[in-house]
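The values are calculated or read from the model by the stated rules, or taken from the named source; none is laboratory data. Note that the structure is predicted; figures quoted are calculated from it, not measured. A quick note on method: Cβ atoms are made from the backbone with ideal geometry, for glycine too, and the neighbour counts reach across all protein chains shown. Surface areas here come from the heavy atoms of the whole protein model, side chains and all, with no ligands, DNA or RNA. Shrake-Rupley method; radii C 1.70, N 1.55, O 1.52, S 1.80 Å.
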Amino acid sequence: MYPRDGLKYWWSGKGLWDHVSDQDWNNWVWQLQNRITRLEQIETYLQLTPEEKEGCLFANKKLALAITPYFFNLIDRQDPECPIRKQVMPRSEEMRKTAGEVLDPVGEDEHSPVPGIVHRYPDRALFLVTDRCASYCRYCTRSRMVSNAQDYNFHPAFDKGLQYLAEHQEIRDVLISGGDPLLLSDAKIDHLLGKLREIPHIEFIRIGTRIPIFLPQRITEKLQEILVKHGPIWMSLHANHPRECTIELKEACDKLAFAGVPLGNQSVLLKGVNDDAETMRSLVHRLLMMRVRPYYLYQCDLINGSSHLRTDPRKGLEIIKELRGHTSGYAVPQFVIDAPGGGGKVPINPEYVENITESELTLRNFQGRIYRYPLDKPAESLPNEDFEGAFEEILA
Ligand SMILES: *Cc1c(COP(=O)(O)O)cnc(C)c1O
């Protein structure tokens with residue numbers, strides 16, 4: 001049985017930055033200005049392993065190192081295996097390219113008609129509006145372009161993107177991502193959402209962001225107002241581990257929910273971070289308590305230098321199997337692989353259909369028991385004892 005840990009949320013608090021005023025600490029711009037970006041800075045707080053040290057030195061050539069003070073506090077500084085640390089601390093393995101790994105693992109560039117737009121599916125488009133994030137995830141699918149470490153020269157072209165969306169009437173759903181769109185100023189977000197709302201065929205707008213997890217201070221009243229004004233705006237968060245479910249995140253989610261924003265979560269299956277059912281169960285339960293519906297669980301993309309964080313997809317299937325039926329259906333994300341080379345997201349599921357014949361479906365339930373559902377039985381009237389006498393009773 002799942003041991004209920006009783007602890008609903010952690011309070012992160014100022015931790016290492018206890019000397020800082022509440023006003024500064026709660027100011028998202030202060031958090032950004034005081035990000036941990038250098039090896040020497042980290043070493044004043046914790047002892048790096050040789051692999052991490054090397055990774056930090058290499059980071060600015062690949063994907064910048066940046067960790068907000070808020071998120072840094074969530075790291076267990078005594079534990080090199082800390083699941084929070086693994087997500088944001090560079091390692092020497094990032095320099096190693098393994099079989100199948102590429103720069104653009106899900107083939108976004110070839111589906112990009114104008115810079116910043118990825119139009120892969122018929123009715124929806126991805127709109128990349130910035131190449132910056134509050135902190136950088138070491139397994140980022142868009143490592144090639146975010147943080148501007150690789151001279152990729154990504155310049156999000158707002159106006160060209162908007163023009164493309166306006167000219168393509170088949171697009172009814174726009175997913176604003178990046179980088180992290182919530183790093184844009186309030187004025188820019190307001191402008192962008194306003195422009196999208198002016199396009200009559202766009203019915204559905206969502207924002208993909210990890211800001212509530214890295215920088216919950218960004219979810220301000222002003223941002224709430226903007227989200228209300230242009231609502232309904234949907235949001236996909238990116239939490240990977242229960243430790244990220246702090247009181248600060250809960251409060252940010254409250255604010256978003258009260259601004260009418262339906263919340264989903266996309267996790268990436270990561271080795272040593274969340275690749276066991278116990279951790280994932282704890283995460284999805286905590287998310288539900290914060291009104292966040294687990295949406296996708298991604299198999300980690302084949303991005304250059306990520307083999308140390310990737311897990312066998314069979315592990316993901318096993319995790320889903322341990323969730324489905326054993327806990328709230330709302331808590332179970334869809335496990336997907338974004339097909340290498342540009343095929344898009346492909347759902348992968350544990351097998352519950354044991355067999356299909358002309359006459360029946362054989363089903364296996366969450367406990368492994370077998371059930372049968374008849375197919376194509378000719379309609380044949382049988383005596384129905386359940387209602388015997390009922391008709392006469394009603395008429396009497
Ligand atoms: C993930 C993604 C979407 C949205 O897919 P949904 O399954 O609708 O969430 C749209 N465009 C691209 C390019 C994507 O990668």
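Can you tell me how many residues within the range 161-188 are crowded, with 16+ Cβ neighbours inside 10 Å and part of a helix (DSSP H, G or I)?
The total comes to 8.
Quick one: in the range 101-132, which of the residues that are out of contact with any His (no Cβ under 8 Å at 6 or more places or on another chain), of a type in the set (Val, Ile, Thr) and open to solvent by less than 40 Å² (accessible area, probe 1.4 Å) is farthest from the ligand (Cβ to nearest atom)?
For the range 101-132, the residue satisfying everything is Thr130.
Determine whether the range 189-196 contains at least one residue that is within 16 Å of the ligand (Cβ to nearest atom) and open to solvent by less than 50 Å² (accessible area, probe 1.4 Å).
yes
Given the criteria without any contact (Cβ under 8 Å) to a residue 40 or more places away in the chain, open to solvent by 10 Å² or more (accessible area, probe 1.4 Å) and either more than 22 Å from Cys140 (Cβ to Cβ) or touching a helix residue (DSSP H, G or I) at 6+ places or on another chain (Cβ under 6 Å) (or both), does Glu322 qualify?
No.
Starting from the range 201-225, keep only residues that are farther than 14 Å from Gly179 by Cα, then list their pairs with residues that are within 16 Å of the ligand (Cβ to nearest atom) and part of a helix (DSSP H, G or I) whose Cβ atoms are within a distance under 6 Å, requiring at least 6 positions of separation or different chains.
From the range 201-225, the pairs are Ile202/Leu196; Ile205/Leu196.
Any idea which residue in the range 140-184 is farthest from Arg124 (Cα to Cα), counting only those that are more than 16 Å from the ligand (Cβ to nearest atom) and small (Gly, Ala, Ser)?
Residue satisfying both the conditions and the ranking: Ala149.
Taking Tyr152, is it open to solvent by 10 Å² or more (accessible area, probe 1.4 Å) and either over 17 Å from Ala66 (Cβ atoms) or at pLDDT below 95 (or both)?
Against the criterion (open to solvent by 10 Å² or more (accessible area, probe 1.4 Å) and either over 17 Å from Ala66 (Cβ atoms) or at pLDDT below 95 (or both)), Tyr152 qualifies.
Quick one: which of Thr98, Thr49 is hydroxyl-bearing (Ser, Thr, Tyr) and either open to solvent by less than 20 Å² (accessible area, probe 1.4 Å) or more than 26 Å from Thr279 (Cα to Cα) (or both)?
Every option except Thr98 fails the conditions.
If the Cβ limit is 7 Å and pairs must be 6+ apart or interchain, which residue in the range 105-125 that is of a type in the set (Lys, Arg) pairs with which residue that is open to solvent by 50 Å² or more (accessible area, probe 1.4 Å) and within 7 Å of the ligand (Cβ to nearest atom)?
That search, which allows pairs on different chains as well, returns Arg120/His111.
Do we have any residue at all in the range 360-372 that's farther than 18 Å from Arg324 by Cβ, open to solvent by 60 Å² or more (accessible area, probe 1.4 Å), modelled with pLDDT under 95 and charged (D, E, K, R)?
Within the range 360-372, none of the residues are farther than 18 Å from Arg324 by Cβ, open to solvent by 60 Å² or more (accessible area, probe 1.4 Å), modelled with pLDDT under 95 and charged (D, E, K, R).
Search the range 185-198 for residues that are assigned by TED's automatic domain parsing to the domain that holds Trp234 and in contact (Cβ under 8 Å) with a residue 24 or more places away in the chain and pair each with any residue that is open to solvent by 10 Å² or more (accessible area, probe 1.4 Å) and aromatic (Phe, Trp, Tyr) when their beta-carbon atoms are under 8 Å apart and the residues are at least 6 apart or on different chains.
What qualifies is Leu192/Phe158.
Confirm whether Ile202 is among the β-branched types (Val, Ile, Thr), within 21 Å of Phe258 (Cα to Cα) and in the same structural domain as Leu256 (by TED's automatic domain parsing).
No, not satisfied.
So, in the range 340-356, how many residues would count as being open to solvent by 50 Å² or more (accessible area, probe 1.4 Å) and either within 26 Å of Arg120 (Cα to Cα) or modelled with pLDDT under 95 (or both)?
Counting residues in the range 340-356 that are open to solvent by 50 Å² or more (accessible area, probe 1.4 Å) and either within 26 Å of Arg120 (Cα to Cα) or modelled with pLDDT under 95 (or both) gives 7.
Give me a count of the residues in the range 76-93 that are open to solvent by less than 10 Å² (accessible area, probe 1.4 Å) and in contact (Cβ under 8 Å) with a residue 24 or more places away in the chain.
5
Go through the range 323-346 and count every residue that is closer than 18 Å to Val268 by Cβ, away from the ligand (no atom under 16 Å from the Cβ) and over 16 Å from the mean Cα position of the chain (by Cα).
Summing the residues that are closer than 18 Å to Val268 by Cβ, away from the ligand (no atom under 16 Å from the Cβ) and over 16 Å from the mean Cα position of the chain (by Cα) in the range 323-346 gives 1.
Of all residues in the range 325-349, how many are polar (S, T, N, Q), in contact (Cβ under 8 Å) with a residue 40 or more places away in the chain and either within 17 Å of Ile303 (Cβ to Cβ) or part of a strand (DSSP E or B) (or both)?
The total comes to 1.
Is it true that some residue in the range 221-243 is within 16 Å of the ligand (Cβ to nearest atom) and over 21 Å from the mean Cα position of the chain (by Cα)?
So far as the range 221-243 goes, no, none of its residues is within 16 Å of the ligand (Cβ to nearest atom) and over 21 Å from the mean Cα position of the chain (by Cα).
Among the candidates Phe127, Phe71, which residue alone is touching a strand residue (DSSP E or B) at 6+ places or on another chain (Cβ under 6 Å) and either closer than 26 Å to Ser185 by Cβ or of a type in the set (Val, Ile, Thr) (or both)?
After ruling out the rest, the residue left standing is Phe127.
Restricting to the range 301-315, give me the number of residues that are open to solvent by less than 40 Å² (accessible area, probe 1.4 Å) and acidic (Asp, Glu).
Count: 1.
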